[in-house]
Amino acid sequence: MLLLDGALNVIAASTSFSEAFGMAVDAAVGHPLANLGAGEWRAPELHALLASTLTGPAKTEAFEIDLQPAGREVRRLVIHAERLAYLDLANVRILMAVSDVTDARASERAKDEALQQNMVLLQEVRHRVANSLQIIASVLLQNARKTQSDETRDNLKAAHNRVMSVAALERLLSTSEGGKVEAHAYFTSLCDSISVSLIGETDQISLAVEGDDGSVDARVSMSLGLIVTELVINALKYAFPDGRRGKIAVEYGFQGPNWVLCVRDNGVGMQPAASDRTGLGTSIVRALANQLNASVEIAPQSPGTAVSIRHTQIALVKDKDETAATPQIAPPAPSSALVGYSAKE
Amino acid sequence: MSAPPADQARKTLMIVEDEVLVAILLRDELADAGYNVLDLTDRKVEAVAVAKESKPDLALVNIRLAGHDDGIELAQHLKTLGIPVLLISGQVSRARSAQTVAIGSLPKPYDAADMVVAVAYLLARLQGDHSLPKPSGLEVFEDGFDLAPAA
């Protein structure tokens, strides 16, 4: 901190100024600012700033200059200068505060560089993950193409779709911020992919995604995506035998921390024994739902089947009757704009 | 699986991909869909030689190639030969930086069936047919498209 007169002579200097710039207070006081040190305080831009403070707006804030002390690195300084107002109009005084931000700026630069390097590494990891998933998916599908067994082919294609479910998430995560995934975009991408590979160009079965806007953590969305994949594959496999036409809807809704995911079809309905099925797909759905602290409910429809996965973290209070009953989350609100997918499209 | 329209049935494609398992599956899927797929290549020099000899209607090019070759450099070269390029790489940001040399990008990991649909869409676009819906996941680079020759 320096106190200057109208001719920019130093009237007083703080100890901190003396320590920061390596000069005794006595060596500064009474001398022109331009003569301090080895002349580095003679910088034209600094004097222009102070001249402006003397005659202009009386206050200059956060003006940055570079100072080149003799034999030392360039220092980055932030200058605050203020003309003091008091009754002695004949003697102008300027209070000048000088902050040396060289080290702080270097630290910020180092942090920015580290951040940038991390981003490059993250991109490289994502690229490698994408490449690895592509290879795994290719091997599975190639094996499915070559096998003579229908059952093996179905299993390999199901495995391929599971990999592609994870791949769709990776694709969305690579462009998302904060590790969150837009649910509608994710489920739509999944269903597009399943439609292309399992339904083909026939218009026998349509696959639609219905739900509100909302985003999900990457970890949760990975499990939800795999559940959707399993349930849709299951519906395609069992609900529409003999070329039966129909529709599969993937519905979801969020309310605070609670959510519900439902895959509904209008097919032939589940046989009583089938609800106890313990195939790989069913096991995966139950295991993932359990991991998400969610329940699995299978309900017959007229016609078809609806499988709902519900996660209730907070019991919502609606009215007294409902409070007394089993806590339930609100059903998913119907989408105002149904974004459907028909394989024919 | 989406078969190409009849007038595109014998369009010729070239795949330049350093992951052989990925390349083989792509070749088989596209061949099954009715395309003539040239011998697989994974390096720039080989790819340019094949392209000059066979003049494919569309080249599917990965950005990372064998021998540290770069797919975007190859795309620039193919563009001078009048061959449109679809980038098929997981390096999304690099692919986007090549919007003037490629006509699109379908980033890894993609489904092989999606690739067949994307190829049909791009070949139709090259012929001025805008009737097909743009496949999800496919990024179309209009700048590259405007400069690409008709397939």
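None of the figures in this text is laboratory data; all of them are computed from the coordinates on show. Please read all numbers here as calculations on a predicted model, not as lab measurements. For neighbour counting, all protein chains shown are included, and Cβ atoms are generated from backbone atoms with ideal geometry for every residue, glycine included.
The table below lists the values:
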{"item": "Sites matching trypsin sites (Lys or Arg not before Pro) across the range B:79-142 that sit in DSSP coil, with at most 16 neighbouring C-beta atoms within 10 Å", "result": "none"}
{"item": "Average projection area in nm² (convex hull over Cα atoms of the range A:123-238, one quarter of hull surface)", "result": "7.7"}
{"item": "Amide H contacts under 5 Å for A:G246, placed H, 5+ residues apart", "result": "A:I205, A:S206"}
{"item": "Cα centre as origin, Lys/Arg/Asp/Glu Cβ charges: the protein assembly as shown dipole, Debye", "result": "660"}
{"item": "Lys/Arg +1, Asp/Glu -1 at C-beta; chain A dipole; positive extreme among A:M270, A:L49, A:V228", "result": "A:M270"}
{"item": "Length released on extending from A:D100 to A:E64, taking residue separation times 0.36 nm less the Cα-Cα span", "result": "12.0 nm"}
{"item": "For the range B:6-147: rounded, prolate or oblate by the Cα gyration tensor [a/c cutoff 1.5]", "result": "rounded"}
{"item": "Computed helical MRE - 222 nm, chain B, DSSP H runs ≥ 4 contributing -39500 (n - 2.57), nearest 500", "result": "-11500 deg cm²/dmol"}
{"item": "HN-Hα J in Hz across the range B:114-128 - Karplus 6.51, -1.76, 1.60, θ = phi - 60°, x for Gly and Pro", "result": "5, 5, 4, 5, 5, 5, 4, 4, 5, 5, 5, 4, 4, 8, x"}
{"item": "Three-way shape label, the range A:69-154, alpha-carbon gyration tensor, a/c 1.5", "result": "prolate"}
{"item": "Fewest-first sequence of A:S52, A:S138 by Cβ atoms within 10 Å of each Cβ", "result": "A:S52, A:S138"}
{"item": "Helix-derived mean residue ellipticity, 222 nm - over chain A, DSSP H n ≥ 4, -39500 (n - 2.57), to 500", "result": "-14000 deg cm²/dmol"}
{"item": "Per-residue HN-Hα couplings for the range A:24-35 [Karplus 6.51, -1.76, 1.60; θ = phi - 60°; Hz; x = Gly/Pro]", "result": "5, 4, 4, 6, 9, 5, x, 10, x, 4, 5, 9"}
{"item": "Cα gyration tensor shape of chain A, rounded if a/c is under 1.5, else prolate or oblate by comparing a/b with b/c", "result": "prolate"}
{"item": "Rounded to 10°, Cα long-axis angle of helix A:280-291 versus longest principal axis of chain A", "result": "40"}
{"item": "Proximal charge balance of A:A34 [Cβ under 11 Å; K/R count +1, D/E count -1]", "result": "0"}
{"item": "Nearest-0.05 FRET efficiency for A:Q116 and A:N35, computed from C-beta distance (R0 60 Å)", "result": "0.90"}
{"item": "Note, ³J(HN,Hα) from phi for the range B:80-87, Karplus 6.51, -1.76, 1.60, rounded to Hz, x at Gly and Pro", "result": "5, 8, x, 10, x, 10, 10, 7"}
{"item": "Entries in A:K157/A:K247; A:K111/B:K79; A:K157/B:K134; B:K79/B:K134; B:K55/B:K134; A:K157/B:K52 that, when Cα-Cα distance is taken, lie over 30 Å", "result": "A:K111/B:K79; A:K157/B:K52"}
{"item": "Proximal aspartates and glutamates to B:K108, defined as alpha-carbon separation beneath 15 angstrom and excluding residues fewer than eight positions away on the same chain", "result": "A:E124, A:E170, B:E17, B:D18, B:E19, B:E139"}
{"item": "Cα point-scatterer Debye curve for the range A:2-100, base-10 log of I(q)/I(0) at q = 0.16, 0.21, 0.22 Å⁻¹", "result": "-0.63, -1.12, -1.23"}
{"item": "Part-to-part distance (alpha-carbon centres) for the range B:77-144 and the range A:161-234, which is given in Å", "result": "22"}
